[in-house]
Each structure stands twice: as structure tokens, then as C-alpha cells.
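Each remark here refers to the structure printed beneath this line.
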Amino acid sequence: MKSILKISLTTALICLLSFQATAQTSKYKCMLQMSNYVGEGAYVVVSLINAKGEYEKTLYVMGEDKKWYKTLKEWNKFHSKKQENISAKTGASVTGGDRSITTIEIEDSKINKGYKLRFETSVEDQKYYVTDIEIPLTTEGIAAKTEGKGYIRYVRLNKI
């Protein structure tokens, strides 16, 4: 009888620990409005930046042709070292005046902990913006409409 109780308790403990190990995430609809620039489609990378200002994770890439990833210089340094599989996180590039609506997942534990979302942009034969937009991952930051500095006019996030 003691043996059955030990096995049951051990199994319950393992299940509890594995449940806690999976990070809780929330999905956000990300609406990105591009400015009315003239030129090729922009490549846009949405990255999770930690409190130290370092890249932690790629959340989404707008632009599927890998040969242009090197134009997103800072993100490409991170991506080249980490070699994340981003195939499920990519979509079409966006051109001047266009709007893109995507869904990104953010771990709930990152909110109000000093993290940011960085939108990095590059357009062929034009200026490169490391931080076209940075959105603080705070309750207020996520709820706000954030204006861009380069090719992005603004970004708005809504929790799904």
C-alpha cells in the first residue's frame, strides 16, 4: 500500500512540476501601419529585448527571402549565433502605406519586468533603422499606440 501511495505522489509531483515549467503566454494582435515611403518592401523584425537591452527571442519576421536578413544588421548578428527556426514566424514584407496584421505570442512573465518589443526595419538601398519602434512591455506600453521613427508609421497591440 505504501508503494502505491509513493508512486501516486511521485507521479502527481512530476505532473505538477512539468505543468509549472511551461511558460504561460498571451497572444496579441499586432497591427502595423507603414509610412508612405517610396521604394521596395520593408523587412521588419519584431524581437523580444531583455532588460539589459539584448536580443532574447525573435517573435516575427516580415520578409521571407533569407538573403535580405543581413540588411537587418543587429538582429542578424543575434540570429546568426542563435540559429532559431523562424520559418513559422515569417510573412511577407510590407511596402509604403501598407498595413500588416499578425499575431505574436508573449510570455506573461515578461510583462512589467523591463522587457521591450523592438521593431527593426530595412529597405533595399535605403536607411536602416535598428529601433524603428521600441514598445516597453508594460501594461501601459502594450495598450498604447506607438509611433515609428522610420518606415513604420505606428504599431498597435491588442490582447486576443
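Please treat every number below as a calculation from the coordinates, not as lab data. In this text the structure is predicted, and so the values were computed from the model without any measurement. Heads up, the Cβs are rebuilt from the backbone with ideal geometry, glycines too, and the neighbour counts pull from every protein chain shown.
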Residue 65 versus residue 149: modelled label distance in nm, points set 7 Å from Cα along the beta carbon direction: 2.7
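For the chain, what relative contact order do you get, as a whole percent, if you take Cα pairs closer than 8 Å and at least 6 residues apart?
Values: 318 pairs, mean separation 50.8, N = 160.
Once normalised by length, the contact order is 32 percent.
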Summing -39500 (n - 2.57) over the DSSP H runs of n ≥ 4 in the chain and dividing by its residue number, what mean residue ellipticity at 222 nm do you reach, to the nearest 500 deg cm²/dmol? -6500 deg cm²/dmol
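Provide the FRET efficiency to the nearest 0.05 for the residue 103-residue 76 pair, computing r from the beta carbons and using R0 = 25 Å. Spell out each step's value before the answer.
Details: r = 24 Å, r/R0 = 0.95.
Efficiency at R0 = 25 Å is approximately 0.55.
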Over the chain, with a Gaussian network built from C-alpha contacts below 10 Å, which listed residue (72, 48, 117) shows the highest mean-square fluctuation? 72
Where does each of 93, 35 land when they are ranked from fewest to most other beta-carbon atoms within 10 angstrom? 35, 93
Please determine, in degrees from 0 to 90 and to the nearest 10, the orientation of helix 2-21 with respect to the longest principal axis defined by the Cα atoms of the chain, where the helix direction is its Cα long axis. 10
Zone of residue 159's modelled label, taken as backbone nitrogen in the stretch 20-55 under 11 Å from a point 7 Å along Cα→Cβ: 26-28
Cα-Cα over 23 Å: which of 57/159; 29/52; 29/73; 27/73; 52/113? 29/52; 29/73; 27/73
Give, as a single signed number, the net charge of other residues whose beta carbon lies under 13 Å from the beta carbon of residue 76, with Lys and Arg counted +1 and Asp and Glu -1. +4
By how many degrees, 0 to 90 and rounded to 10, does the Cα axis of helix 73-82 deviate from the longest principal axis of the chain? 30
Which one of 114, 43, 144 has its Cα pushed farthest toward the positive end of the charge dipole of the stretch 24-159, where Lys and Arg give +1 and Asp and Glu give -1 at the Cβ? 114
Using the crude model of +1 on Lys and Arg Cβ and -1 on Asp and Glu Cβ, and no other charge, please compute the dipole size for the stretch 24-159 relative to its Cα centre, in debye to 20. 240
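Where does each of 155, 38 land when they are ranked from fewest to most other beta-carbon atoms within 10 angstrom?
Details: 155 22, 38 9.
Fewest-to-most Cβ neighbours within 10 Å comes out as 38, 155.
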Of the candidates 145, 113, 52, which one comes out as most mobile in a Gaussian network treatment of the chain with C-alpha springs shorter than 10 Å? 52
